[in-house]
Amino acid sequence: MKVLVAGGAGYIGAHVVRALAAHGHTPIILDDLRASSIDRCHPFTLEAVPLEDTSRVLEVFQKHEPEAVVHLGGYISVGESMREPTRYWENNLGSGISLLLACARFPVHTFLFSSTAAVYGTTTESPIDENSPLVPTSPYGASKLAFERALHRSAAALGIRSLALRYFNASGANVEWGVGEAHDPEEHLIPRVIRSLLDGNLVQVYGDDYPTPDGTCVRDYVHVSDLAEAHVLALESAELETGQSFNVGTGCGYSVLEVIQEIAKQLSLNPNIQFLPRRPGDPPRLVANASSLMSCLQWHPTHSSLEEIVGSAIAWEMSAVNKGSSQPSPALNTSGGR
Ligand SMILES: NC(=O)c1ccc[n+]([C@@H]2O[C@H](COP(=O)([O-])OP(=O)(O)OC[C@H]3O[C@@H](n4cnc5c(N)ncnc54)[C@H](O)[C@@H]3O)[C@@H](O)[C@H]2O)c1
């Protein structure tokens with residue numbers, strides 16, 4: 001199957017592209033590299049086009065005639081979205097609409113969208129299932145939810161099968177594929193803690209007074225290879241109904257301190273932890289009930305133990321440092337948010 005992967009040069013997209021190719025599909029990357037680099041695209045076809053440029057997106061559809069679209073392109077920071085909400089609406093909603101306009105003109109049969117646990121906001125439910133209230137607290141979460149709705153409604157009218165996957169905390173790396181996590185700035189817990197420990201810096205944690213066993217935030221970490229596999233299964237499935245949104249997580253939660261301890265253990269280093277006040281908007285606990293996806297797709301995460309996630313992230317970080325391609329160490333502020 002020929003699959004257009006918008007945002008395919010990003011962290012998760014690069015894994016999805018390689019998983020598709022490993023299953024015999026032909027991925028075409030549509031990504032203008034605003035938050036990634038061309039290193040992640042080799043040996044695949046890249047169309048370096050901004051998603052919001054609808055006429056150029058139409059040309060890409062005309063040239064490649066994709067049968068399916070996976071849409072991972074967008075901005076990803078909750079905090080940045082609070083400071084610059086309009087950019088998030090423009091990109092996370094507007095650029096998705098540009099893809100839908102192209103789908104209205106060309107015979108695409110499936111559209112798979114990367115959504116997020118942020119659509120649930122600061123829920124107190126745990127684990128969270130897809131029927132939990134949708135009350136996003138940031139423009140990031142709200143813009144992703146708005147596109148889910150726009151997608152499902154448009155797809156129904158266009159006769160396209162639409163699916164949204166609400167990722168919890170994507171993490172780890174597939175070192176064999178030579179791709180891993182490298183956002184700039186890096187806001188995610190695992191790569192930040194690894195870099196802080198390797199650089200001998202303080203590890204800062206937002207909040208130690210949450211109603212969780214050790215007082216720090218609890219999150220559901222899913223290995224990016226398992227996440228990529230879910231995309232392949234969703235595209236290949238003949239049975240999934242259109243208009244569905246699924247959680248993608250493991251159902252296991254780990255606290256920020258548990259994650260730091262696992263990283264420190266694997267690096268044989270002692271973390272020097274500094275606790276800071278809570279960060280506004282961080283829910284105490286975000287753990288997925290992903291039973292719906294598991295039963296519909298027979299999807300089971302096989303790489304998502306904390307040990308394997310952390311081990312693969314460290315291996316990737318070491319290989320990136322050795323190749324000189326890692327992002328520079330950012331100023332420290334580490335939390336479990338996403
Ligand atoms: N990383 C996570 O843990 C996580 C969790 C939940 C949801 N998600 C969602 O998954 C998707 C991918 O996340 P990621 O961590 O791989 O992010 P990423 O920033 O690494 O990748 C996004 C890619 O999209 C491209 N892009 C963005 N806007 C574009 C535009 N207008 N035109 C062309 N290209 C554009 C960027 O260049 C980048 O390569 C995002 O939509 C994000 O909201 C990620």
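Let me know the shape class of the chain, please: from the alpha-carbon gyration tensor, a ≥ b ≥ c as square roots of the eigenvalues, rounded when a/c is under 1.5, otherwise prolate if a/b is greater than b/c, or oblate.
It is prolate, given that a/c is not under 1.5 and a/b is the larger ratio.
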Comparing Ala170, Ala104, Ala238 in a Gaussian network model of the chain (Cα, 10 Å), the one with the largest mean-square fluctuation is Ala238
Each label sits 7 Å from Cα toward the beta-carbon; between Phe106 and Glu59 the label points are separated, in nm, by 1.3
Per the 1/(1 + (r/R0)^6) rule, R0 = 25 Å and r from the Cβ atoms of Leu269 and Glu308, FRET efficiency to 0.05 is 0.80
Ranked by GNM mean-square fluctuation in the chain (Cα springs under 10 Å), the top entry among Gly243, Gly180, Gly73 is Gly243
For Asp209 the rounded accessible area (nearest 10 Å², probe 1.4 Å, non-protein molecules ignored) is 100
Interchain or sequence-distant (5+) residues whose placed amide H lies within less than 5 Å of the amide H of Leu30 are Val5, Ala6, Gly7, Gly8, Glu47
Taking a straight Cα-to-Cα line shorter than 23 Å from Lys63, and setting aside same-chain lysines fewer than 8 residues away, one finds Lys2
Rounded to whole Å², per residue accessible area for the chain with a 1.4 Å probe reads 41
Comparing Ser237, Ser245, Ser143 in a Gaussian network model of the chain (Cα, 10 Å), the one with the largest mean-square fluctuation is Ser237
The helix 139-158 Cα axis meets the longest alpha-carbon principal axis of the chain at an angle in degrees, between 0 and 90 and rounded to 10, of 20
Where a ≥ b ≥ c are root eigenvalues of the Cα gyration tensor, a/c under 1.5 meaning rounded, otherwise prolate if a/b exceeds b/c and oblate otherwise, region 271-325 counts as oblate
Projecting the Cα atoms of Val232, Ile190, Thr54 onto the charge dipole of the chain, where Lys and Arg contribute +1 and Asp and Glu -1 at Cβ, the residue farthest towards the positive end is Thr54
Residue span Ser291 to Glu84: 0.36 nm per residue of separation minus Cα-Cα distance leaves a gain in nm of 71.0 nm
Percent antiparallel among DSSP beta bridges confined to the chain, nearest 5, equals 5
Magnitude of the Cβ-charge dipole (Lys and Arg +1, Asp and Glu -1) of the chain about the Cα centre, nearest 20 debye, reported as 460
Given the candidates Pro211, Val222, Ile260, the one whose Cα lies deepest towards the positive end of the charge dipole of region 169-303, counting +1 at each Lys or Arg C-beta and -1 at each Asp or Glu C-beta, is Pro211
Whole-percent carbon and sulfur contribution to the accessible surface of region 54-120 (1.4 Å, no ligands, DNA or RNA) stands at 54
Within the under-14-Å Cβ sphere about Asp31, not counting Asp31, Lys/Arg +1 and Asp/Glu -1 give a net charge of -2
Computed for region 1-147: size of charge dipole around the Cα centre, +1 on C-beta of each Lys and Arg, -1 on C-beta of each Asp and Glu, debye to nearest 20, value 180
Residues of region 235-273 with backbone N under 16 Å of the label point set 7 Å from the Cα of Ala22 along Cα→Cβ are 235-236
Counting only DSSP beta bridges with both partners in region 167-284, the antiparallel fraction in percent, to the nearest 5, comes to 25
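The values are calculated or read from the model by the stated rules, or taken from the named source; none is laboratory data. Predicted model only: the values in this text are computed from it and were never measured. We place every Cβ from the backbone using ideal geometry, glycine too, and count neighbours over all the protein chains shown. Areas reflect the complete protein model, heavy atoms only, side chains present, ligands, DNA and RNA absent. Shrake-Rupley method; radii C 1.70, N 1.55, O 1.52, S 1.80 Å.
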